[in-house]
Amino acid sequence: MRPNANTSPRIQKILDEVNMKGNVLKVSLVALGLSAFLVVNAQHAAAQGPAGAGAAEAAKSSSISSHSLNPIKWVKKDKKAADANGSRADIEKKLTPKLQAQGLLPASSNATEACSAFTALNECLAALHASHNLGLNFICMSAAMTGVHTNADVSACKVADGEKALPLNKAIRAMNSEADAKGATKNAEQQAKDDLNNLGS
C-alpha cells in the first residue's frame, strides 16, 4: 500500500513492516522454488552419467552413426530373445552345433568353454564372428576384450595384457591396425544378434 499525505507516522510504520514481511515472503518462496528446481535437475543430470572427457567422445560418436557400438544397448534388446530360449547354459548348448557348423568353433570345443570369460553372451558371439571374419586368434581377442586370462596360452597375444578390457572395435584395431574396425564390429555384432534370434529355427 502506498503512503499518502494523510497517513499517520504510526500507521505508516505498520504499513512498512507489512510491506517488508511481504517481500521476505516473496523472496523465501522464490528461494524455495529455486532450490527444488536445482534438486530435481541435479538428480536428472546424475541419471545421465558423467560429463567428462568421455562424454564429448560419446556425443561425437553418436552423431556420426545411428548404430551404437555400445553393446549394453543391444543386450537389453536381445534379452527378450534370450529369455524366450531359456537360460544361458541352454542357449550355449543350442549355439554350439551352429557355431561349429559355421567354423567359428572347433569340433572339440563348445560355446560354454569359449564364452566363459565373457559376462554377456552376445559379446562373445561378436568376438567369435570378428575373429573368424578377420582371421584373428579368438583366444587373444577374448583376453583383450575381457581382461581375463584363462588357462590358454596368451604369450603370442600382443594385446592380451589383462590391464584393461577393450571393446570389440578397439580389440580389433589393436590386433589388426589395417582392418576396418568399425565396419567389422558392426558386422560381427549383427551376426551375433542373428545367432541369438535364429536359435529357434
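Suppose we filter segment 97-111 for residues that are more than 25 Å from the chain's Cα centre (by Cα) and surrounded by 19 or more Cβ atoms within 10 Å (Cβ to Cβ); how many remain?
Total meeting the criteria: 3.
Out of all the residues in segment 154-201, which are modelled with pLDDT under 90 and of a type in the set (Asp, Glu)?
Of everything in segment 154-201, those that are modelled with pLDDT under 90 and of a type in the set (Asp, Glu) turn out to be 161, 163.
Name the residues in segment 176-189 that are more than 10 Å from residue 131 (Cα to Cα) and either aromatic (Phe, Trp, Tyr) or free of Cβ contacts under 8 Å to residues at least 60 places away in the same chain (or both), would you?
176, 177, 178, 179, 180, 181, 183, 187
So which residues in segment 84-123 are in a helix (DSSP H, G or I) and touching a Pro at 6+ places or on another chain (Cβ under 8 Å)?
100, 122, 123 - these are the residues of segment 84-123 that are in a helix (DSSP H, G or I) and touching a Pro at 6+ places or on another chain (Cβ under 8 Å).
The values are calculated or read from the model by the stated rules, or taken from the named source; none is laboratory data. All figures in this text were calculated on a predicted structure; none of them were measured in a lab. Please note: Cβ atoms are built from the backbone with ideal geometry, for glycine as well, and neighbour counts cover all protein chains shown.
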